[in-house]
Amino acid sequence: MDFDDTPEEAAFRAEVKAFLAAKAPKYAEPWEGEETTRDDVYLKRARGWQAEKAAAGYAGITWPKEFGGRGGKPMEQVVFGQEEGKYDLPTQPFLIGLGMCMQTLMAHGTPDLIKEHVGPALRGEKIWCQLFSEPIAGSDLAGIKTRSERKGDEWIVNGQKVWNSGAHYADWGILVTRSDPSVPKHKGLTFFIVDMKSPGLEPRPIKQISGGAHFNEVYFTDVRIPDRQRLGAPGEGWKVALTTLMNERLAVTSFRDVSVDVPHLLRLARSIDLETGPAIENAAVREKIADFYVRSQGLKFTNYRTLTALSRGETPGPQSSIGKVVSAPKTQQIATLGMDLADMAGGLLDGDLAPLRAAFSQTFLSAPGTRIAGGTDEILRNIIAERVLGLPGDIRVDKDVPYKELPTGR
Amino acid sequence: MDFDDTPEEAAFRAEVKAFLAAKAPKYAEPWEGEETTRDDVYLKRARGWQAEKAAAGYAGITWPKEFGGRGGKPMEQVVFGQEEGKYDLPTQPFLIGLGMCMQTLMAHGTPDLIKEHVGPALRGEKIWCQLFSEPIAGSDLAGIKTRSERKGDEWIVNGQKVWNSGAHYADWGILVTRSDPSVPKHKGLTFFIVDMKSPGLEPRPIKQISGGAHFNEVYFTDVRIPDRQRLGAPGEGWKVALTTLMNERLAVTSFRDVSVDVPHLLRLARSIDLETGPAIENAAVREKIADFYVRSQGLKFTNYRTLTALSRGETPGPQSSIGKVVSAPKTQQIATLGMDLADMAGGLLDGDLAPLRAAFSQTFLSAPGTRIAGGTDEILRNIIAERVLGLPGDIRVDKDVPYKELPTGR
Amino acid sequence: MNLDFSDDQKMLRDQARRFLDEKSPLKAARKILESDAPYDRALYKEIAELGWLGAAIPESYGGLGLGYLELCVIAEELGRAIAPVPVSSSIYLCAEAILRAGSEAQKQAYLPKLASGEIVGTLALAEKAGVPRPDRLETRLEGGKLTGRKIAVPDAGGADIAVVAARAGSGVSLALVDLKGPGVARESERSVDSTLKVGGLGFSGAKAEALGPSGEGWTLLQTVLTRAAVLYGFEQLGGADAALAMARAYALERYAFGRQIASFQAIKHKLADMYCLIELARSNAYYAAWALSSDAAELPLAAAALRVSASEAFDFASKENIQTHGGMGFTWEADPHLLLRRQVQLRHVIGSPRAWKERLVAELERRNAA
Amino acid sequence: MNLDFSDDQKMLRDQARRFLDEKSPLKAARKILESDAPYDRALYKEIAELGWLGAAIPESYGGLGLGYLELCVIAEELGRAIAPVPVSSSIYLCAEAILRAGSEAQKQAYLPKLASGEIVGTLALAEKAGVPRPDRLETRLEGGKLTGRKIAVPDAGGADIAVVAARAGSGVSLALVDLKGPGVARESERSVDSTLKVGGLGFSGAKAEALGPSGEGWTLLQTVLTRAAVLYGFEQLGGADAALAMARAYALERYAFGRQIASFQAIKHKLADMYCLIELARSNAYYAAWALSSDAAELPLAAAALRVSASEAFDFASKENIQTHGGMGFTWEADPHLLLRRQVQLRHVIGSPRAWKERLVAELERRNAA
């Protein structure tokens, strides 16, 4: 056991470091608030950095060379990510497009579509988003109802999508629709790529309880999509969507929300007074710090174990599936504890008054979203139980029923 | 709000106190270990005390007079129980018989059977037990398979029951059997009362992990039961069993296991030293004591709320359903904490060495049973969700399938 | 045995619930959340007219003199409705402090106005993050003048008068100060729950009168906070109950995988756990209400236990209500966050539950030693 | 990046698992549980012959000198099998103490015999319930004679020698004592896990030799306990893993309401929670193994983190394994309680996790100050 690079990794890392040292500073700028991705200046900078990476062969490191990738190893992607992460670079707008949309396109698209879209996405010319969830269908994605109807060489789409990060600046989107409500839910779906500037397509921001607006809802009113933009056969959209979903965990969008962890808690505990002195001397606080510490370290070293497998060219074990279901509640608990230590001042959001520039109360407001977005605690436990431990799926009552006959509540 | 008796209750309490002062001491003896109920001396004492109560009109306080009861109010039963509880009386062998078996018999038995059995049970002449659960059917009681087949005027019973407290000393038992496996599970059950001295009926003790043996398993080999001992029609046994089960929570058997609560924890914390001094001065210990205290007090006052309703002649609210699901895990947690405070000596069971005569480690070994017997944590949560909150039942796959076609595992 | 409210008190509860359902549905709270208004003045006026503010204030001081059980009943409903009004600051804290510590003249001067809603009061203690302690207070009362700075004062923006904990000589005194007078600066503060806004108060030689004997301020303060804890506990209980009701309703109407999400054990057991915590809190609340209304020796213990129990119930219920709602739960547009915010405000306003756990055990030990 | 065992180490693990599956299934532990035998002598002999005892003992002292990573691998499998043998007392504690503190002569005298299984050793620290501290020790070492009484000594009944923490002058020293010599009384003690029995040791002027410099006993002891915590952590990890496997197997084969109980979310999520805790513990374990094997400065922190993490995982998994089994789970006849018992023994033997949390944070603060 050790924490060193292999010689090959070390060589690659050196190369990456040199590239970053030369090119990154120009694009790295301090973050100036949540609304950044709604800002044209930020997007221009982001496109520029993506183009630099593409020009140097660092966009699509693990992609096949035929699609413009580098044909590299997963560990090289990791090394690049580690080094890139040391700069404050505007990479977020491309995570979904390159991590999920292009993967889906490369697997299911016609050669023409691939040729047309992969290059521009890789070079940062076109930004992509994902149009899957609906108000009626979150955890149960196959329950969507946005309707697509074929008319000649086009499809007419009506409905509403939700939780679409980047939909307000994206050029293109991947879209799942229901083309046939008379068959069971998984069988009547059709998948498209859609030009986000299409008439009748309207994104609106969703305000979160933290005050931020990372997501959009997107309304479709008689949006026309040429049939050539369909991926997979009509009614076979679920199979295409599964490709996207399988790539989802590799491309989890990281919002730049404030989030507290053990180091923040230690800083707070050293600086705040409880009944008998500094919180760090209070045994109850100490026990909780230890509890959180072993979770944080456990997650960190779980990640190291995954990297070890990648570095050895092996498939990582299932242990990485514990990440969010452990970290999201932990974040919420740490935020609550930090506020409790502040006692009567615990609810303050003012950076000048609340400890650590209100990091705990700010995190408290974003934590509920963290426990839901990208898979609720409950869905993630189901996934671990079924995919990792091999336990049976929940009893399904919706498998063989025509979609239009399924009960939907309101 | 107050904690006083009504004038009627006060008068009744005075009467009960006088009765107990005169009669109870003779039957009250200090407890001498777990195996007491396997001891003839104990049973003789128990029968004697029950006979005294019956003679004075305190057996079956809430029962109709026609069945030999007092026709009293539920609150009178409570008052009697409170006062009786102040003596160390051998009441346990009658809890199941009077609380569940006789209720069932009175509701579903023929006049002859009622006449034959209720009096002797009330006077302590006959002890009853319940023969419901099976190794294959615990939480899912209707899944039992012990087979009954009619032969002329008799039924022949073969199979195995389990978790039968008192089966080794009981004179009679109530029994659910499967008389028709070709119909759905709830429809093929038939209910009997059975003489525990019947040939072919054999109780064996079950050793628990705490070392005690509160329960038995009972084997049936060609046990013959006269048809006149059937309660309800053949195939209608589930309806009869429901009467028993509805009375179950009123007659929960309380084992005289050691069990720790907040007062024990306080005594321990005052007497044991941690890193920097007595545990009671440790903030982590203090926070946990507070957490347990609010649970214990919450349960205590929940009980007061139930008694308030009884005292007013109202039906108690559903709040009493939280009792075991809160208290059982709490007991396990307190036991674990107590052992943790003892540090390296935490695992000791020796009364001379472990704090409070090893109350914490003893409780630790009985606590897992407490979380299961009488309804698992999981079943109790389901019951609260469904019966109190009105949420839907779990999806049932076994409702309309012939019993013999249900999968059963091994 | 009688650990329940009387029929009259239950009738008051039903009336209060109906009134608040109609006059202060959640959108009233949302309106204050999204505005700069310190509180809902119209609603407060109506509440005052109903006599709620004076429920536990003696008739001789302009109240109804009903008693604390009635005020508990009202508090539960205010909590359930997350009503955006300063009842807690003005009545549980300020009026209570004047009742416990004030001179006859002070009671006559202020209580009728507080009871009628003509003025709003509050109490100011915290000066920085962490647990307040007599020796940590920097605000000073000297020669009738108050100097210092308080933070996180509930309803600071809407209050007319404040009871202020300040050092005076070597001890702590309570001072009563007119917030509209000279030498008082109000500072708006952002906090999680803007439906009950908090603010800063800066005093630069503001005129103040002593409330209660000099040097006994800390003891008086503990009495007031203990009594207020019971009333805040009922508000927390009502809020927790509202969160369970909201989660239950959503789980029954939301479908996924062809079934109500309320049919999944993960949801069923979550709501059952909420129910257990809420019933524990309710039972602790009723006992504390008895102790408060009868001035029982058990009050400090009962109040601390309720504070811990109700804080835990509302914390769990408000978070898991959001979780039950899934994606919708963390949007501004949906209602669950209103309960989460109120939960935070009620959890911290008189000190967080961890501090009350410490008080609870200290009280257990004090009784054990006695 | 390499946070995993090597192929050779994994092969050793597979061999160990196969061997223990065959030689020490749970019924071996049950046999010792129900007997007065201190441990399974035949099994211990075979384990010694396989070289496991000496895996981390240098060849010059009769070991294989493989290293600590190999011993970690073996520890995980011993824990998984809840093997009723005194490997932990004799190797993690006693041999480790002699390796860290012993003179060359002591190493030569004892390590080969411990490595070969010819003798069994242990370590005696606790004297009463609560946290041990230098000033609380009453056992004394004076003029080569040991006087005092130790309790809850692991494998006290089966051990031949013991390292004993004792006061000597104004400090603490470690003493090495022959338990078969005069002045030593062994007292049997009942404990939760009779598959690894503990006992009392009474010393009335027993002959003892100092281990390490006089007065440095406490520091040496902390070093030994820290190193042992890593190995115990692997045993706990193996035990937790066994509990999850047992719960999973039962949930798949047990039917209720016409379906496998493993299809109910209450069970699925319980097992998923077990899995999460176990993987966290495993990751903490691998890091601690690295720190142990490389004598890294991070060892005290990593060992404490593992101790906390693995104790939590085994506690939860062993309790919820019983819960998953329902009624069968709390019978003597079924196997789940064997894991519950072992969990208790491993949780307490070198101090309970609450004490290790305190050590963990103390270490964080020490590093922060440095």
**Study point:** Position B:Gly390, label points 7 Å along Cα→Cβ, spacing to each other copy in nm (shortest first, one decimal)
**Key:** 4.4
**Study point:** B:Glu314 versus B:Leu245: modelled label distance in nm, points set 7 Å from Cα along the beta carbon direction
**Key:** 2.9
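Over segment C:121-214, what is the relative contact order in whole percent, taking alpha-carbon pairs under 8 Å and six or more residues apart? Present the calculation step by step, with values, prior to reporting the outcome.
Numbers: 234 pairs, mean separation 30.3, N = 94.
Reported as a whole number, the value is 32 percent.
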Revision key, fill the gap. For B:Thr62, inter-copy label-point distances (7 Å, Cα→Cβ), nm, shortest first, read 6.5
**Study point:** Long-range HN-HN contacts of C:Ala159 with modeled amide H, under 5 Å
**Key:** none
**Study point:** Reduced Cα scattering model of segment C:219-369, Debye log10 I(q)/I(0), q = 0.19 Å⁻¹
**Key:** -1.02
Review point. A:Lys126's amide H: which non-local residues (gap 5+, or another chain) put their own amide H closer than 5 Å, with H modeled 1.01 Å from N in plane and none for Pro or chain starts?
Key: A:Ala121
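Compute the signed sum of charges (Lys and Arg +1, Asp and Glu -1) over the other residues within less than 13 Å, Cβ to Cβ, of D:Tyr275. Each step should come with its number before you reach the end.
Values: positive: A:Arg381, A:Arg387, D:Arg248, D:Lys268, D:Lys270, D:Arg282; negative: A:Glu386, D:Asp241, D:Asp273, D:Glu279, D:Glu320.
Here the count lands on +1.
Which whole-number percent is the relative contact order of chain B (Cα, under 8 Å, 6+ apart)? Working shown, then result.
Working: 656 pairs, mean separation 54.5, N = 410.
Dividing the mean separation by the residue count of chain B yields 13 percent.
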Practice item. Please name whichever of A:Thr190, A:Ala142, A:Trp172 sits farthest to the positive end of the charge dipole of segment A:135-234, dipole taken about the Cα centre and charges placed at Cβ: Lys and Arg +1, Asp and Glu -1. Key: A:Ala142
Exercise for review: Go through segment B:10-19 residue by residue and turn each phi into a ³J(HN,Hα) via Karplus (6.51, -1.76, 1.60, θ = phi - 60°); whole Hz please, and just put x for glycine and proline.
Suggested key: 5, 5, 4, 4, 4, 4, 5, 4, 5, 4
Revision key, fill the gap. If one compares the long axis through the Cα atoms of helix A:262-271 with the longest principal axis of the Cα atoms of chain A, the angle in degrees, nearest 10, works out at 30
Exercise for review: Report, ordered by chain and residue number, the lysines lying within cross-link reach of B:Lys53, taken as a straight Cα distance under 25 Å and ignoring same-chain residues fewer than 8 apart.
Suggested key: B:Lys17, B:Lys23, B:Lys26, B:Lys44, B:Lys65, B:Lys73, B:Lys86, B:Lys115, B:Lys126
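In debye, nearest 20: dipole of chain C around its Cα centre with unit charges on the Cβ of K, R (+) and D, E (-)?
Working: 44 positive and 45 negative charges, 184 e Å.
Roughly 880 debye for chain C.
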Exercise for review: Taking a label point 7 Å out from Cα toward Cβ, give me the nm distances from B:Gln82 to the same spot in the other copies, shortest first, one decimal.
Suggested key: 6.9
Exercise for review: Can you pull the one-decimal nm distance between simple spin-label points at C:Arg17 and D:Asp295, each 7 Å off the Cα toward Cβ?
Suggested key: 7.2
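Summing -39500 (n - 2.57) over the DSSP H runs of n ≥ 4 in chain D and dividing by its residue number, what mean residue ellipticity at 222 nm do you reach, to the nearest 500 deg cm²/dmol?
Numbers: 11 runs with 189 residues, N = 370.
Dividing the helical sum by the residues of chain D leaves -17000 deg cm²/dmol.
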Review point. Can you give the average number of partner chain beta-carbon atoms within 10 Å of each beta-carbon in peptide C:301-308, as a whole number?
Key: 3
Study note, to complete from the structure: Once the dipole of the protein assembly as shown is set up from charges on Cβ (+1 Lys and Arg, -1 Asp and Glu), the residue from the list B:Cys129, A:Thr110, B:Gly338 lying farthest towards its positive end is A:Thr110
Exercise for review: Collect residues whose amide H, placed 1.01 Å from N in the peptide plane, falls under 5 Å from the amide H of B:Asp350; neighbours closer than 5 in sequence don't count.
Suggested key: D:Arg190
Practice item. Would you list which lysines come within 19 Å of C:Lys27, measuring only between C-alpha atoms, while excluding same-chain residues fewer than 8 positions from it? Key: A:Lys207, C:Lys45, C:Lys197
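Note the full-extension length gain between A:Arg147 and A:Lys115 as 0.36 nm times their separation in residues minus their Cα-Cα distance, in nm to one decimal. Don't skip to the end; give the middle numbers.
Numbers: separation 32, 0.36 × 32 = 11.52 nm, distance 2.83 nm.
Gain on extension, A:Arg147 to A:Lys115, equals 8.7 nm.
Per residue of A:320-332, count partner chain C-beta atoms within 10 Å of its C-beta, then hand back the mean as an integer.
Numbers: counts 1, 4, 9, 2, 0, 5, 5, 0, 0, 2, 0, 0, 2.
That average works out to 2.
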Review point. Label B:Lys44 and D:Arg100 with points 7 Å out from Cα along Cα→Cβ: what is the distance between them in nm?
Key: 6.2
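Does the protein assembly as shown classify as rounded, prolate or oblate by the C-alpha gyration tensor (a ≥ b ≥ c root eigenvalues; a/c under 1.5 gives rounded; else a/b over b/c gives prolate, otherwise oblate)?
rounded
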Review point. So what J values fall out for segment D:21-28 if you push phi through Karplus, 6.51 cos²θ - 1.76 cosθ + 1.60 with θ = phi - 60°, rounded to Hz, Gly and Pro as x?
Key: 3, 7, 8, 9, x, 4, 5, 5
Practice item. Would you work out the charge dipole size for segment B:8-127 about its Cα centre, treating the Cβ of every Lys and Arg as +1 and the Cβ of every Asp and Glu as -1, and quote it to the nearest 20 debye? Key: 300
**Study point:** Interatomic Cα distance distribution for chain D, bins of 10 angstrom, percent
**Key:** 5, 25, 34, 24, 9, 2, 0, 0
Study note, to complete from the structure: Expected integer from the mean partner chain Cβ neighbour count at 10 Å over C:354-366 is 6
Review point. Which whole-Hz ³J(HN,Hα) couplings does segment D:273-282 yield from phi under the Karplus relation 6.51 cos²θ - 1.76 cosθ + 1.60, θ = phi - 60°, glycine and proline marked x?
Key: 5, 4, 4, 4, 5, 5, 5, 4, 5, 4
Review point. Relative contact order for segment B:268-384: what is it in percent, counting Cα pairs under 8 Å that are at least 6 residues apart?
Key: 21
Check your understanding: What residue of chain C has the nearest C-beta to the axis that moves C onto D, and what is that distance in Å, given as a whole number?
Key -> C:Gln265, 2
Point to revise | Spin-label zone in segment D:140-175 - amide nitrogen under 15 Å from a point set 7 Å from the Cα of D:Ser204 along the C-beta vector | key: D:146-150
Practice item. Could you pull out every one of the lysines with an alpha carbon less than 22 Å from that of C:Lys145, ignoring same-chain neighbours closer than 8 positions? Key: C:Lys107, C:Lys128, C:Lys180, C:Lys207
Practice item. Take the Cβ-Cβ distance between D:Ala369 and A:Arg13 as r, set R0 to 25 Å, and report the resulting FRET efficiency rounded to the nearest 0.05. Key: 0.15
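Would you please give the FRET efficiency between A:Arg396 and B:Arg387, computed as 1/(1 + (r/R0)^6) with r the Cβ-Cβ distance and R0 = 30 Å, to the nearest 0.05?
0.70
Please label the shape of chain B as rounded, prolate or oblate, based on the square roots a ≥ b ≥ c of the eigenvalues of the alpha-carbon gyration tensor (a/c under 1.5 means rounded; beyond that, a/b larger than b/c means prolate, else oblate). Working shown, then result.
Values: a/c = 1.68, a/b = 1.34, b/c = 1.25.
Verdict is prolate for chain B.
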Exercise for review: Rounded to the nearest Å, what's the spacing between the alpha carbon centres of segment B:360-381 and segment A:49-76? Just the number, please.
Suggested key: 57
Point to revise | In Å, descending, principal axis extents of the Cα set of segment D:7-116 | key: 41, 38, 18
Point to revise | Net charge of Cβ neighbours under 15 Å - reference D:Glu142; Lys, Arg +1; Asp, Glu -1 | key: +2
Check your understanding: Working out 0.36 nm times the residue gap between B:Asp171 and B:Asp88, then minus their Cα-Cα distance, what length gain in nm do you get to one decimal?
Key -> 27.5 nm
Check your understanding: For the charge dipole of segment B:258-388, defined by +1 on Lys and Arg C-beta atoms and -1 on Asp and Glu C-beta atoms about the Cα centroid, which residue among B:His264, B:Thr376, B:Thr315 has the Cα displaced farthest towards the positive pole?
Key -> B:Thr315
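Throughout, read-outs are computed from the coordinates displayed, never taken from laboratory work. Since we're looking at a predicted model, the values are computed, not measured. Because the Cβ atoms are built from the backbone with ideal geometry, glycine has one as well, and the counts that use them run over all protein chains shown.
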